[in-house]
1. Which one of Asp115, Asp76 is surrounded by 20 or more Cβ atoms within 10 Å (Cβ to Cβ) and of a type in the set (Asp, Glu)?
2. Take the residues of the range 89-106 that are part of a loop (DSSP other than H, G, I, E, B) and aromatic (Phe, Trp, Tyr): which is nearest to Met33 (Cα to Cα)?
3. If I filter the range 1-21 for residues that are small (Gly, Ala, Ser) and assigned to a loop (DSSP other than H, G, I, E, B), do I get at least one hit?
4. What's the number of the condition Tyr94 fails, among (1) touching a Pro at 6+ places or on another chain (Cβ under 6 Å); (2) modelled with pLDDT of 95 or more?
5. So which pairs qualify, if the first residue must be in the range 30-52 and within 10 Å of Ile122 (Cα to Cα), the second must be among the acidic types (Asp, Glu) and in a helix (DSSP H, G or I), the Cβ gap must be under 7 Å, and the two must be at least 6 apart or on different chains?
6. For the range 117-133, name all the residues that are closer than 12 Å to Phe29 by Cβ and among the aliphatic types (A, V, I, L, M).
Amino acid sequence: MKITFQIGEIEQVAAQVWEQIQNNPVVAFHGNMGAGKTTFIQQLCKQAGVKDTMSSPTFSIINEYRSPTGSIYHMDLYRLSSEVEAQRAGVEEYLFSGARCFVEWPEKAPGIFPDETLHVTIDITNDGSRVLQIQEN
């Protein structure tokens, strides 16, 4: 699946993507700094019914949000330097818990993800639009 959109269309695109990812508890988000990964994940959380205040987990590593169907974990591995550091932070426990996990910067610890992880790439184009691609397993 590939979608090109403007930032003003992010809510509608998140609704469409939310329907596509229902069967994938772990979703890894790839993209350059500023591509919109955090903003897109926040929109997905809204689709899931999260009412909590959401923020980037860059410094906390893991944020937990409550949804009507259970906890959603939003992780940002940017500040981690290795898979060992991710394991020490408890990331792996969340990834294999069965809970919904949205993870930014998964390339910082690629070996700790379940095989069935869904990978999403968000790129920003020269005109400011975003290109979102979901890698099917």
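The values are calculated or read from the model by the stated rules, or taken from the named source; none is laboratory data. All figures in this text were calculated on a predicted structure; none of them were measured in a lab. Positions of Cβ are backbone-derived with ideal geometry, glycine not excepted, and every protein chain shown enters the neighbour counts.
1. Numbers: Asp115 fails: surrounded by 20 or more Cβ atoms within 10 Å (Cβ to Cβ).
Only one candidate passes the filter, namely Asp76.
2. Step one: list which residues in the range 89-106 are part of a loop (DSSP other than H, G, I, E, B), which gives 89-90, 96-99, 105.
Then keep just the ones that are aromatic (Phe, Trp, Tyr); that gives 96, 105.
Working: Phe96: 27, Trp105: 10 Å.
Checked the range 89-106; the qualifying residue nearest to Met33 (Cα to Cα) is Trp105.
3. no
4. Failed condition: (1).
5. Note: pairs meeting the criteria are His30/Glu107.
6. Answer for the range 117-133, where residues must be closer than 12 Å to Phe29 by Cβ and among the aliphatic types (A, V, I, L, M): Leu118, Val120, Ile122, Leu132.
Residues are listed down the side, and each one gets a yes or a no for (1) more than 20 Å from Thr117 (Cβ to Cβ); (2) surrounded by 14 or more Cβ atoms within 10 Å (Cβ to Cβ):
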site	(1), (2)
Gln6	yes, no
Ile10	yes, yes
Thr53	yes, no
Asn63	no, yes
Pro68	yes, no
Val84	no, no
Glu93	no, no
Ser97	no, no
Val103	no, yes
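One line per residue, one yes/no per condition, for (1) part of a strand (DSSP E or B); (2) under 16 Å from the mean Cα position of the chain (by Cα); (3) aliphatic (A, V, I, L, M); (4) at pLDDT 95 or above:
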site	(1), (2), (3), (4)
Lys51	no, no, no, no
Met54	no, yes, yes, no
Ser81	no, no, no, no
Gln87	no, no, no, no
His119	yes, yes, no, yes
Asp123	yes, yes, no, yes
Asn126	no, no, no, no
Asn137	no, no, no, no
